[in-house]
Amino acid sequence: MKKEKEFPEQSQELPGSEHLMHPEPEIIRANYIGSKKLQDKVALITGGDSGIGRSVAVHYAKEGADVAIIYLSEDEDAKITKELVEKEGRKCLLLSGDLKEEAFCKQAVDDCYKTFGKINIVVNNAAVQFPQTNFEDVTSDQVHKTFETNIYPYFFIVQAALPHLKEGDCIVNTSSVTAYRGSEHLVDYASTKGAIVSYTRSLAKMLSDKKIRVNGVAPGPIWTPLIVASFDDISDFGKDTPMGRAGQPSEVGPAYVFLASEDSSYITGQFIHINGGEVVGA
Ligand code: NAD
Ligand code: MG
């Protein structure tokens, strides 16, 4: 069983830095070949500095998109993501700030639009988690932080971006396997991830008239800074999946390409489960 870290103080809230992880996560497969699936699109990605968000940014760049990434304050990680995107010949706008603040969400969308003149893809992906063994230890401060970070910005960012989104544009959300099967140590976190599933299904219906698709990805254990920041003992991480290992961000990013591209034109309100084989409800 994993041993939890103490609930972090505000100043220590940040996940670890990606380049300090051993082994370093694989962001994109060395043999991944882009095929202009997102040529000249613009994507806004929350939590795009590291982990799954960084993988999405680099895959999108490989597929021909410019990206804007929102992150809390991990400037070092964000700079590396920007370099990786630029290596693909695409632009990367860095937007540092706190997604818990509605005004920042609006500002970030504005800055993205002003820089690129359009927004075609919104990827909601930033999140925090604070594992607790006892439910009594889930403080009200923690509940607020988890919900305000993990689900509120899904409303604020999309509300600000919607006036710019047109037919064929789309939204991709990040839920979790914990939404579908629960998690005894992450009750508040799993609750926000369940909310993201319902949000996705509802918004998909609401925006279908505008021909804007809304889908999501529900990852299982993926090797990212969030994991290192959350758990003291990570030796068994992912071992309890049918495949017996954790996944890499490089195994998640391609699903975000699929859901953002025309290849998924008849799919909305759905989730792709990237979890090493655990069978969960739709
Ligand atoms: P990560 O730590 O690399 O990415 C999360 C990012 O969210 C951080 O880099 C941070 O910049 C950003 N963030 C957090 N709070 C913020 C705030 N208040 N304002 C602005 N940005 C903020 O971790 P990751 O594992 O890549 O997580 C990405 C998504 O994947 C999350 O939604 C997470 O819940 C989900 N997920 C991860 C796993 C896993 O095993 N890694 C499993 C299931 C779901
Ligand atoms: Mg990070």
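The values are calculated or read from the model by the stated rules, or taken from the named source; none is laboratory data. These numbers were taken from a predicted model, which means no experiment stands behind them. Positions of Cβ are generated from backbone atoms using ideal geometry, with glycine treated the same way; all protein chains shown enter the neighbour counts.
Condition (residue is part of a strand (DSSP E or B) and within 23 Å of S265 (Cα to Cα)) applied to the stretch 175-189: is it met by at least one residue?
no
What tally of residues in the stretch 253-280 results from selecting those that are of a type in the set (S, T, Y) and in a helix (DSSP H, G or I)?
2
I'd like the full set of residues that are under 21 Å from the mean Cα position of the chain (by Cα) and either at pLDDT below 95 or in a loop (DSSP other than H, G, I, E, B) (or both), limited to the stretch 208-233.
I212, G220, P221, W223, T224, P225, L226, I227, V228, A229, S230, F231
Does K100 satisfy being more than 19 Å from the chain's Cα centre (by Cα) and either surrounded by 14 or more Cβ atoms within 10 Å (Cβ to Cβ) or modelled with pLDDT of 95 or more (or both)?
So K100 does not fit the description; no.
Does G194 satisfy the condition of being in a strand (DSSP E or B) and away from ligand 2 (no atom under 16 Å from the Cβ)?
no
Sort through R245, R201 and tell me the only one that's in contact (Cβ under 8 Å) with a residue 60 or more places away in the chain, among the basic types (K, R) and surrounded by fewer than 23 Cβ atoms within 10 Å (Cβ to Cβ).
R201
Taking the conditions exactly as written (part of a loop (DSSP other than H, G, I, E, B), within 19 Å of the chain's Cα centre (by Cα), within 20 Å of A190 (Cα to Cα) and within 15 Å of ligand 1 (Cβ to nearest atom)), does G238 satisfy them or not?
Taking the combined requirement at face value, the residue satisfies it.
What are the residue pairs meeting all of these: first residue in the stretch 264-282, first residue under 15 Å from S175 (Cα atoms), second residue among the basic types (K, R) and in a loop (DSSP other than H, G, I, E, B), Cβ atoms under 9 Å, and 6 or more apart or on different chains?
Sorted first by the residue in the stretch 264-282, then by its partner, the list stays empty.
Are there strands (runs of 3 or more DSSP E) fully within the stretch 43-127 with at least 2 residues that are within 16 Å of ligand 2 (Cβ to nearest atom) and closer than 23 Å to V214 by Cα? List them.
66-71, 121-124
In the stretch 25-58, how many residues are hydrophobic (A, V, I, L, M, F, W, C), more than 16 Å from ligand 1 (Cβ to nearest atom) and more than 25 Å from I151 (Cα to Cα)?
Within the stretch 25-58, residues that are hydrophobic (A, V, I, L, M, F, W, C), more than 16 Å from ligand 1 (Cβ to nearest atom) and more than 25 Å from I151 (Cα to Cα) number 3.
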